[in-house]
Amino acid sequence: MTALDGALRSVPPVPKGMPKRAASEWRKVLGVLVQDSKIADHELPIVEAYCRVVDHISECEAAIALHGMTFVSPTGELKRRPETMLLKEYHATLRQLANELGISPASRSKNKGGAAGNDDDDALGDI
């Protein structure tokens, strides 16, 4: 496969301050996208957001594993832990970002990748 105009040729360094779990995901996801020439520099913020959401999901799952899915409020009511609601939101966000990046099974074939340029073979159109 020939690299598209603007496609990254190597995995960029992990952004400063990125948590360990997110950094691991950064290397994994970008390794595949770079190898397949399906990511450009301007798309890295989407990858970063995806990786951070993966980390947030791990944090929520750890909190739920430690504290359970519910708690008793000061008024004695049984309530869902906030992490359960956050987890649902993070999964929806993860799905959306995965689709944007073309890394979900449903979107994988749609991602033509790379940046627009003088390349007639890309699906992004030339500017």
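The values are calculated or read from the model by the stated rules, or taken from the named source; none is laboratory data. Here the structure is a predicted model, which is why all the values come from computation and not from measurement. Counting neighbours? That spans all protein chains shown, and the Cβs are built from the backbone with ideal geometry, glycine included. Note: areas computed on protein heavy atoms with side chains; ligands, DNA, RNA excluded. Shrake-Rupley method; radii C 1.70, N 1.55, O 1.52, S 1.80 Å.
Determine which member of the set Arg52, Arg95 is touching a Ser or Thr at 6+ places or on another chain (Cβ under 8 Å), assigned to a helix (DSSP H, G or I) and among the basic types (Lys, Arg).
Criteria check complete, one pass: Arg95.
Quick one: is Ala49 within 27 Å of Gly17 (Cα to Cα), over 19 Å from the mean Cα position of the chain (by Cα) and at pLDDT 95 or above?
Spelling it out, it is not the case that Ala49 is within 27 Å of Gly17 (Cα to Cα), over 19 Å from the mean Cα position of the chain (by Cα) and at pLDDT 95 or above.
Within segment 7-27, does at least one residue satisfy the condition of being farther than 20 Å from Thr93 by Cα and crowded, with 19+ Cβ neighbours inside 10 Å?
Yes - at least one qualifying residue is present in segment 7-27.
Would you be able to say whether some residue in segment 60-73 is farther than 18 Å from Gln96 by Cα, open to solvent by less than 60 Å² (accessible area, probe 1.4 Å), among the polar types (S, T, N, Q) and over 16 Å from the mean Cα position of the chain (by Cα)?
Yes, that holds for at least one residue.
With respect to the numbered conditions (1) loosely packed, with under 12 Cβ neighbours inside 10 Å; (2) over 20 Å from Ser107 (Cα atoms), which one is the sole condition not fulfilled by His42?
If we test His42 against (1) loosely packed, with under 12 Cβ neighbours inside 10 Å; (2) over 20 Å from Ser107 (Cα atoms), just (2) comes out false.
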